[in-house]
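Asker: Got a structure here, written out as structure tokens. Questions coming.
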Amino acid sequence: MTRLAEATGLAPLPFDPYRSADPAELAERIRAVKAEMGDSLQILGHHYQQDEVIEFADLRGDSYKLSQMAAESQSCRWIVFCGVHFMAETADILTRPEVDVILPDMAAGCSMADMADLDSVEAAWSDLGELIDTEEITPVTYINSTADLKAFCGRHGGIVCTSSNARAVLEWAFARKPRVLFFPDQHLGRNTARKMGIPLERMPLWDPRLPLGGNTETALNDSKVLLWKGHCSVHQMFKPAHIAQFRQQYPGIKVLVHPECMMSVVDAADLVGSTEYILKTIAEAPSGSQWAVGTELHLVNRLASENPDKLVKFLSPMVCMCATMYRIDVPHLAWSLENLAQGTPVNIVKVPEDTAHWGRVALQRMLDVK
Ligand code: 13P
Ligand code: SF4
């Protein structure tokens, strides 16, 4: 039972009845809770959320914008985060202490974030320390990571980045130390560092399952950016051949992809950027323009329907959707909101204080980078 449930004497509402409830009726009930709770409740939604859920978000954004919104939120007592677990943790770290953050389904994780855990990163740090002075390395974690990895960065002079500020963050890091350990997304790290002119041979890949990450001592000594062997299984599905097919079928079409795509896709694309950048670019594009977009399916479908004067196509012939984002659905949203309204909040995401403190240090460094 939660703290509030004990106070009211009520047990939390069970989820099962929500599964079979009429979605239109649930939508009505969600609107009723929002009206009842007013400013004390803020619903944040990531761009990958399905239409039926995102329509209830008070604020939408990419990971950077959502963390800024959490840091700046003034009046709410509760944030219901329609996104994935690392986003809810980040919001918990950045909000005022009296704010609680709720994730409607705790199983909404991120497979990329799961590819780096604290034990493996600490083991890598210690192995690297046998060869290189770790005082010379800045750990940089992509925001798609657990709170304890953000805290690791905070403790070791490191920083967080998102897909919208990775270059500025790497510049920040190189202004301080000569090397970076970048986790968990090898593609964002490689794509960003290469655009800064760092040669590929100075970016060895660190496989946490292999001794020395699968590298020679020479490769590690010559390294500038050590890339963790992690990736996004959704963005990994886009291939250069898909770009070639679209260009053949729609001459003049522009290809716009997320930087989590592999290097060969990013190199072949016309434009690269975060989900917010993708959204703005299409919204501001001239009527009649044609776009093939390499990012999560729900966002691309929404862009197509919100921009009927433009041709917006999904870049892959396969269905590439983020299955974990999709776990946040109308039944889970209604269930978490009605529990909140009843005084029996469920699924509160709470980062332990010491982790939150050091995670905040790394996140604040990021928010301070201009
Ligand atoms: P953005 O920061 O661009 O919204 O990306 C988040 C994400 O998880 C992409 O897969
Ligand atoms: Fe994680 Fe990929 Fe889903 Fe983004 S799209 S939340 S990186 S699994």
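The values are calculated or read from the model by the stated rules, or taken from the named source; none is laboratory data. Because the structure is predicted, anything quoted here is derived from the model rather than measured. Heads up: the accessible areas ignore ligands, DNA and RNA and are worked out on the full protein's heavy atoms, side chains in. Shrake-Rupley method; radii C 1.70, N 1.55, O 1.52, S 1.80 Å.
Asker: Could you work out how far the C-alpha centroid of the range 281-330 sits from that of the range 97-159, in angstrom?
Answerer: With the range 281-330 and the range 97-159 each reduced to a Cα centre, they are spaced 30 Å.
Asker: Taking the square root of 5 times each eigenvalue of the Cα gyration tensor, what semi-axes in Å does the equivalent ellipsoid of the range 61-105 have, largest first?
Answerer: 14, 12, 8
Asker: Could you compute how much accessible surface Lys310 exposes when probed at 1.4 Å, giving the result in Å² to the nearest 10?
Answerer: Its accessible surface works out to 20 Å², give or take rounding.
Asker: If I compute solvent accessible area with a 1.4 Å probe over the protein chains, what percent of it on the chain is carbon and sulfur?
Answerer: Exposed carbon and sulfur together represent 53 percent of the surface.
Asker: I would also like to ask the following. Rank these by accessible area, largest first, 1.4 Å probe: Thr90, Thr355.
Answerer: Of Thr90, Thr355, the descending order of accessible area is Thr355, Thr90.
Asker: Pull out a ≥ b ≥ c, the square roots of the eigenvalues of the alpha-carbon gyration tensor of the range 109-226, then state rounded if a/c is under 1.5, prolate if not and a/b is larger than b/c, and oblate in the remaining case.
Answerer: Note, shape of the range 109-226 comes out rounded.
Asker: Sticking with this one: So what is the calculated 222 nm ellipticity per residue for the chain, using -39500 (n - 2.57) for each DSSP H run with n of 4 or more, over all residues, to the nearest 500 deg cm²/dmol?
Answerer: -12500 deg cm²/dmol
Asker: Can you give me the accessible area per residue for the chain, using a 1.4 Å probe, in Å²?
Answerer: 41 Å²
Asker: Restricting things to Cα coordinates, could you compute the convex hull volume per residue of the range 171-316 in Å³?
Answerer: For the range 171-316, the hull spanned by Cα atoms encloses 119 Å³ per residue.
Asker: Take the Cα atoms of the range 1-107, build their convex hull, and give its volume per residue in Å³.
Answerer: Enclosed volume per residue, from the Cα hull, is 118 Å³.
Asker: So, one more: Taking Lys65 as the anchor, which lysines have their alpha carbon closer than 16 Å to its alpha carbon, excluding any fewer than eight residues away along the same chain?
Answerer: The reachable lysines, counting only those whose Cα sits under 16 Å from Lys65, are Lys280, Lys370.
Asker: List the extent of the Cα atoms of the range 84-171 along each of their three principal axes, largest first, rounded to whole Å.
Answerer: Principal-axis extents of the range 84-171 (Cα, largest first): 45, 26, 24 Å.
Asker: Could you grab the Rg to Rh ratio for the chain? Cα atoms only, Kirkwood for Rh.
Answerer: Here the Rg-to-Rh quotient is 0.99.
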